[in-house]
Amino acid sequence: MVENIQTVGYIRQFNPEGIFSLVPSLVLGPEGLNLPTIVDQLENAMVKVQLIPESSSCDDTKSNIVYLGANLDATSEVVELIAILESDLILLDKDLKTKTYLPKKKVMMIYV
């Protein structure tokens, strides 16, 4: 379990001083949180910043796992993690095939 982690801000409100206080050599974050001023400040301070593409599919997630593994020198863990993900997806697909779905209904709500 991870304990005693310093907070450096909240989504879209990162504190560059908090990040600098940790003296990171690499900062990873999602592209959707690309705050240009903070990214510029980090890069100007010679901190490597890598923004990870947002995932909207399982294939995107696998690509991001490979990307992170390559950048963190964790290729053996990548193979294992993707194998677990693919196994879970197969189990999920089998489970969903056994479900009965009710017909969809159209609903409209009116607020007066």
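Readers should treat all values here as calculations from the given coordinates under stated rules, not as data from a laboratory. Nothing here was measured: the structure is a model prediction, and the numbers come from that model. Heads up, the Cβs are rebuilt from the backbone with ideal geometry, glycines too, and the neighbour counts pull from every protein chain shown.
From the P(r) of region 9-96, can you give the percent of Cα pairs sitting at distances over 22 Å?
In whole percent, the long-distance tail amounts to 42.
If R0 is 22 Å, what FRET efficiency do you get for residue 21 and residue 70 from their C-beta distance, rounded to 0.05?
Computed FRET efficiency for residue 21 and residue 70 comes out at 0.20.
What residue among 23, 79, 39 shows peak mean-square fluctuation when the chain is described by a Gaussian network model with Cα springs under 10 Å?
Answer for the Gaussian network model of the chain: 23.
For labels at residue 6 and residue 111 in the simple 7 Å Cα→Cβ model, what's the distance in nm?
Distance between label points: 4.3 nm.
Would you look at the GNM of the chain, springs on alpha carbons closer than 10 Å, and say which of 52, 65, 84 moves the most?
Highest fluctuation among the options: 84.
Filter the trypsin sites (Lys or Arg not before Pro) in region 11-83 to those in DSSP coil with at most 13 other Cβ atoms within 10 Å of their Cβ, and list the result.
Sparse-neighbourhood loop trypsin sites (Lys or Arg not before Pro): 12.
When the helix-only estimate is applied to the chain (DSSP H runs of n ≥ 4, each -39,500 (n - 2.57), divided by the residue count), what is the mean residue ellipticity at 222 nm, nearest 500 deg cm²/dmol?
-14500 deg cm²/dmol
Hand me the chymotrypsin sites (Phe, Trp or Tyr not before Pro) from region 35-112 located in a DSSP loop with no more than 12 other Cβ atoms within 10 Å, in residue order please.
Here the chymotrypsin sites (Phe, Trp or Tyr not before Pro) that fit, given the DSSP loop and packing criteria, are 101, 111.
What lysines does residue 62 reach when the alpha-carbon gap must be under 21 Å and sequence neighbours fewer than 8 apart in one chain are set aside?
Those lysines meeting the cut-off are 94.
Relative contact order for the chain using alpha-carbon pairs under 8 Å, separation at least 6, rounded to a whole percent?
Relative contact order of the chain: 15 percent.
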